[in-house]
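Here is the structure we will look at, set down as structure tokens.
The values are calculated or read from the model by the stated rules, or taken from the named source; none is laboratory data. From a predicted model like this one, the values you see are computed outputs, not experimental measurements. Glycine gets a Cβ as well: all are built from the backbone with ideal geometry, and neighbour counts include every protein chain shown. Just so you know, the surface numbers come from the protein's heavy atoms only, side chains and all, with ligands and any DNA or RNA stripped out. Shrake-Rupley method; radii C 1.70, N 1.55, O 1.52, S 1.80 Å.
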Amino acid sequence: MKKYIADGMLLVTAIVWGSGFVITAIALEYLTAYQVMAGRFLLASIILTVLFGYKLKKASKSVIWKGILLGSILYIAFALQTVGLQYTTPSKNAFLTAVNVIIVPLIAFAVYKRRIDGYEIIGSIIAIVGIGFLSLQGSLTMNIGDALSLACAVAFAFDIFCTNLFVQKEDAIALTIIQFITASFIGVLVVVGQGDIPTTIEKEAIYSIIYLAIFSTTLAYLFQNIANQYTSATKAAIILSTESFFGMVLSVIFLHEVLTSRMVVGAILILLAILIAEVKPAHPKKRMMKSSQ
């Protein structure tokens, strides 16, 4: 039962992150990407500290350094994605970022030296093909923005893998708080270093930051970190890849993007990938053997 609840939490995370594409697009009309990052992480840190700050009193050195590592990886991933987006198209940026569904099982194999789950690998490949149908348009040539987006995928893959590893022994909520405090500290330093502290903020930007902080950051990462205690890193990456699917659906609804046949095919492939990784259908011979016993 815990496994299915965890998968449900990851799915909610993907839906919320999908909505984040729409809200971030609104926020970027009024603020720079670095201001948005600093604002969402700072407010999320305050919210979590107010709600669960008591957990920090019992935080061990192990929780602290692991939380700092996760926060640093998280900020680097967002920064690479943001800078990469300045030099490439949003669709290629989204696709290359989603390559983390292939990288996660490779990291797990390199660290654990265990046999890679065949169904999860198949699911990862189908998911990335589906995301390609959803995202890729036009030229497939690679430039500096594409390279940064690919580096972002590696960073997000390490974030998913390290989170899955750390929450097995540490308190997920305490880890999340320290992760956000670290990311917000780096974010504020970057904004101050750029001399880009906003003097006035439009109400639309404030509403967007509040939504991103409460839902796309606090709720989503809290759910992700807790759910990782009960599922594999590869399956988590596959379920979280539906972010692109929900981003497409919500963009069609709220930003009035045109729904194409390619997008429908991509959505079907992503959902198929999750079913394969989740259900792991038995080989026909195995089913026959079981039925004959």
Is it fair to say I73 is assigned to a helix (DSSP H, G or I), buried (at least 17 other Cβ atoms within 10 Å of the Cβ), within 16 Å of the chain's Cα centre (by Cα) and at pLDDT 80 or above? yes
Helices (runs of 4 or more DSSP H) completely within region 237-293 that count 1 or more residues being in contact with a helix residue (DSSP H, G or I) (Cβ under 9 Å, 6 or more places away or on another chain) and modelled with pLDDT of 80 or more: 243-254, 261-279
Does L219 satisfy the criteria of being in a helix (DSSP H, G or I) and touching a Gly at 6+ places or on another chain (Cβ under 6 Å)? no
Of A59, A44, which residue is crowded, with 23+ Cβ neighbours inside 10 Å and either at pLDDT below 95 or out of contact with any strand residue (DSSP E or B) (no Cβ under 7 Å at 6 or more places or on another chain) (or both)? A44
Cβ-Cβ below 7 Å, separation at least six or inter-chain, first residue in region 17-32 and under 20 Å from D196 (Cβ atoms) and free of Cβ contacts under 8 Å to residues at least 12 places away in the same chain, second open to solvent by less than 30 Å² (accessible area, probe 1.4 Å) and not charged (D, E, K, R): which pairs? L28/V36
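To keep it simple, each residue is scored yes or no on (1) part of a loop (DSSP other than H, G, I, E, B); (2) aromatic (F, W, Y); (3) surrounded by 18 or more Cβ atoms within 10 Å (Cβ to Cβ).
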| position | (1), (2), (3) |
| --- | --- |
| G123 | no, no, yes |
| L148 | no, no, yes |
| A153 | no, no, yes |
| N164 | no, no, yes |
| G187 | no, no, yes |
| V190 | no, no, no |
| G195 | yes, no, no |
| S208 | no, no, yes |
